[in-house]
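Participant: The structure's right below; bear with me while I get my questions together.
Since every read-out is calculated from the coordinates, none of them should be taken as a lab result. Remember, it's a predicted structure, so these values are computed and weren't measured experimentally. Ideal geometry is used to build each Cβ from the backbone, glycine not excepted, and the neighbour counts take in all protein chains shown.
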Amino acid sequence: MSASVKAYGGSSGYIVSDELRNSVNIAIALQKPLLIKGEPGTGKTMLAQSIAEALNMDLIIWNIKSTTKAQEGLYVYDTVQRLYDSQFGDGDVGNIKKYIKLGKLGEAFLAPKQVVLLIDEIDKADLEFPNDLLWELDQMSFYIPETKETITAKQRPIVIITSNAEKELPDAFLRRCIFHYIAFPDPDTMESIISVHHPKLEKKLLEQAMETFYLLRNVPDIQKKPSTSELIDWLQALVVGGVNPNRIKKDLPFLGVLLKKNEDLDTLLQQLQGKGSTKNPGVLGRFR
Amino acid sequence: MFTKFFYTLKNYGLPVSLNEWQSLLEALEAGLAGSSLTGFYYLGRAMLVKTEAHYDRYDMAFAAFFKDIETPEGLPEKIWEWLDKELPELQVTDAMRKQHRQLDLDELKRMLEERLAEQTEEHHGGNRWVGTGGTSPFGHSGFHPGGIRIGGMGRNQSAVKVAGMRRFQEFRTDETLGVRQFQVALRKLRQFTTRLDGAKTELDLDATIDKTCDNAGRLELIWNRPRENAIKVLLLMDSGGSMISYSRLCNQLFTAVNRSNHFKDLKVFYFHNCIYDWLYHDPQCSLKSYTPTEYILNTLSSDYRLILVGDASMAIYELMRVGGIIEWDLYNDRAGIDWLKRLRHKFEYSVWLNPIPKQYWTWTDGAYTINKISEVFPMEELTVDGLDRAIKSLKNRQAAI
């Protein structure tokens, strides 16, 4: 890699693994979109923020919803405003350009400096959505028929795409991306992630909480396993609640922060009961 | 040599295309692998593998292909730093290697013993003592190309070793997986959602506005067909004794099916080992509540997707003989296989999911009946991959034999 290409090396607010950093740098160097997958709460969205921060670029976020269409990312032709203006005689109706509003992708193309474009949760949209963006992401340009204009990227933005695997993405789309799967962090990495968010955490509390957390993740049959962001919230709750570290494992306080599904709570209680019903009266009493 | 790796990957079942291979070569030319095997491992994985389900296959292919290659590992992070300082990278590594080349393992061990005897305190950095960092051959997190690691994490792990660890094994889709994965697989049944039939009842607001504007303000309404899933599913599950060991798997599938409320209609029935005159409403298979199979055949339209789940393993007479039913107090006028054939003829979109892994089908206890039944129904194993294939085959009408 030549020195002129920017290399991402992580930022202070975000712990990045070597593998992920390599993938990011490959994507930047090859100017291809980087597709990030991983369990919910492993910091997929945070990554884009961290890249923007580290490389000192602006971040443009395009949040995808189930109703989002690819066209909206390029531009929207505000016909209603134009009709309104024509009837009430405001402004110059002849100038169609005035009614073309660029979407997030268009914005990123026309930005004067290189930006980071985050296309968040691309799998939420319609099945055909990624296919509709193939050309635009490949060529970094699109055509507006209404004004007979072609919008071309001044600087190819760094494109980060996240997916929660709710839908399979089309092969043609995948072929154009660099792919990275964020594996769940091991306890050591987790500790450094936590220290970023809670720098002044009591050691004893952290130890107990981590132990309980990985214990919970290893309970079989739990459908929505607690993730990093939930652990961080839980630690916050433990600190605010002033819980005695020695009681964390026994009482499992604020369990609702970690387990979000009724079924999972039930499963956990059953497992605990199976180990001996008198052993954990604190927990069981709480839910009766 | 590299082209061979391409075919190795293909042999391990990775869908690598030439385009991706080309870009990988470009990336190599651009020096993105940092001239190390580890760098190449991550570069190749990022560029060629597009789903975590294939990470394991990549690991296996990589380990198989590169297992005999022993390289003094490159130092990716270090190289980045050197590049930043614009120092020629080769010079530095060569110098380092020359310096440390002669040490073989025995010598290293001997030296380590000596050092241990001499050393009396912690040591970090530097090039001689046992400690962290530095270029001494002993300790961890350091950069000696052929040293001994003592504790800590290997910072520059050999790529072959990383690949050999197969950390992504659990993401393989040909393993059986949880409810969530089943749900995602079942969701694919939504792909053949049809918008072709039905009345246009939904107002398309955007198109109406566009059209009205085109007409310079004269209102014109545009109607659309509502998006609806037209898929109807008939699920028949074996709850016989031989299925008990798979009950957890089937439960997961069933939960997934139940949650996926996006089908237009979902009917679930149970049977014991084989299907005869009765389809039961609950897994206990008691005659207290059942629907006659005949009734199902007559009333359901043939566009129902039929999914059968069972191990297809039973005594030969249960399948082939009149009166072969396993229940003492019941009698069947038709052999089980006839019922299956009738179902197959009625429902052209159908598939049989078998929780027994495919490689056992030819020699397990029920091999004969499995074989017979798979002549009637297309049979897939009950894994996420199998379910995927099954759902693909449900898309196409298949002529009954």
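Participant: Averaged over every viewing direction, what's the projected area of the C-alpha convex hull for chain A? Give it in nm², one decimal, please.
Facilitator: 20.3 nm²
Participant: For a quick check: with amide H placed at 1.01 Å from N, whose amide H comes under 5 Å from residue A:61's, ignoring anything fewer than 5 positions away on the same chain?
Facilitator: Result for residue A:61 returns A:118.
Participant: Given Cα pairs under 8 Å that are at least 6 residues apart, what percent is the relative contact order of chain A?
Facilitator: 21 percent.
Participant: Still on this structure, I have one more. Please give me, ordered by residue number, the chymotrypsin sites (Phe, Trp or Tyr not before Pro) of region B:285-376 that lie in loop per DSSP and have at most 15 other Cβ atoms within 10 Å.
Facilitator: When the chymotrypsin sites (Phe, Trp or Tyr not before Pro) of region B:285-376 are filtered for loop state and at most 15 Cβ neighbours within 10 Å, B:328, B:331, B:363 remain.
Participant: A further question follows. Structure shown: which of A:224/A:249; A:203/A:260; B:267/B:346 lie over 18 Å apart, alpha-carbon to alpha-carbon?
Facilitator: Values: A:224/A:249 20 Å; A:203/A:260 27 Å; B:267/B:346 16 Å.
Over 18 Å Cα-Cα: A:224/A:249; A:203/A:260.
Participant: With the cut-off at 28 Å, tell me which of the pairs B:10/B:372; A:44/A:104; A:32/B:211; A:32/B:10; B:10/B:341 have Cα atoms farther apart than that.
Facilitator: Flagged as over cut-off: B:10/B:372; A:32/B:211; B:10/B:341.
Participant: Let me ask you something else. Work out the mean other chain Cβ neighbour count within 10 Å for the residues of A:21-34 and drop it here as an integer.
Facilitator: Mean shielding by partner chains, rounded to a whole number: 4.
Participant: Could you work out the helix-only [θ] at 222 nm for chain A, with each DSSP H run of four or more residues adding -39,500 (n - 2.57) and the total divided by the number of residues, to the nearest 500 deg cm²/dmol?
Facilitator: The helix contribution divided over chain A gives -12500 deg cm²/dmol.
Participant: Let me ask another. Show me, bin by bin at 10 Å from 0, the whole-percent P(r) of region A:118-277 based on Cα pairs.
Facilitator: Result returned by the calculation: 8, 27, 23, 18, 14, 7, 2, 0.
Participant: While we're here: If I take every Cα pair under 8 Å that is 6 or more residues apart in region B:305-349, average their sequence separation and divide by the length, what percent do I get for the relative contact order?
Facilitator: Reported as a whole number, the value is 35 percent.
Participant: Same structure, new question: Using alpha-carbon pairs under 8 Å, 6+ residues apart, how would you state the relative contact order of region A:58-202 in percent? Kindly include the intermediate steps, with their values, before the conclusion.
Facilitator: On the way: 187 pairs, mean separation 38.6, N = 145.
So the answer I get is 27 percent.
Participant: Over the alpha-carbon set of region A:187-280, work out the extent along each principal axis and list the three values in angstrom, largest first.
Facilitator: 37, 25, 22
Participant: Using only Cα atoms and rounding to the nearest 10 degrees, what angle (0 to 90) does helix A:44-54 make with the longest principal axis of chain A?
Facilitator: The angle comes out near 70 degrees.
Participant: Mind checking the mean number of beta-carbon atoms from other chains within 10 Å of the Cβ atoms in B:35-46? List each step's numbers first, then the result.
Facilitator: Values: counts 0, 0, 0, 3, 2, 0, 2, 9, 6, 0, 8, 17.
Averaged over the peptide's residues, the number is 4.
Participant: How large is the Rg to Rh ratio of region B:292-401 when both quantities use alpha carbon positions and Rh follows Kirkwood?
Facilitator: When Rh is taken as the Kirkwood radius, the ratio is 0.97.
Participant: On to the next question. Report, as a whole number in µm² per second, the diffusion coefficient that Stokes-Einstein gives for region A:47-194 at 10 °C and 1.306 mPa s using the Kirkwood radius over alpha carbon pairs.
Facilitator: 92 µm²/s
Participant: So for the pair residue A:155, residue A:229, with labels modelled 7 Å out along Cα→Cβ, what separation do we get in nm?
Facilitator: 2.8 nm
Participant: Summarise the partner chain shielding of A:168-175 as one whole number: the mean count of Cβ atoms from other chains within 10 Å of each residue's Cβ.
Facilitator: If you average over the peptide's residues, the count of other-chain Cβ atoms is 4.
Participant: Would you pull out the residues with amide H under 5 Å of residue B:266's amide H, same chain only if 5 or more places away, H placed 1.01 Å from N?
Facilitator: B:233
Participant: Let me ask something else. Compute the long axis of helix A:79-88 from its Cα atoms, compare it with the longest principal axis of the Cα atoms of chain A, and write down the angle in degrees, 0 to 90, nearest 10.
Facilitator: It is inclined by approximately 50 degrees.
Participant: Can you give me the long-range amide H partners of residue B:278? Hydrogens built in the peptide plane at 1.01 Å from N, cutoff under 5 Å, separation of 5 or more residues or another chain.
Facilitator: Correct list: B:293.
Participant: What's the angle, to the nearest 10 degrees (0 to 90), between helix A:187-197's Cα axis and the longest principal axis of chain A?
Facilitator: Computed tilt is about 70 degrees.
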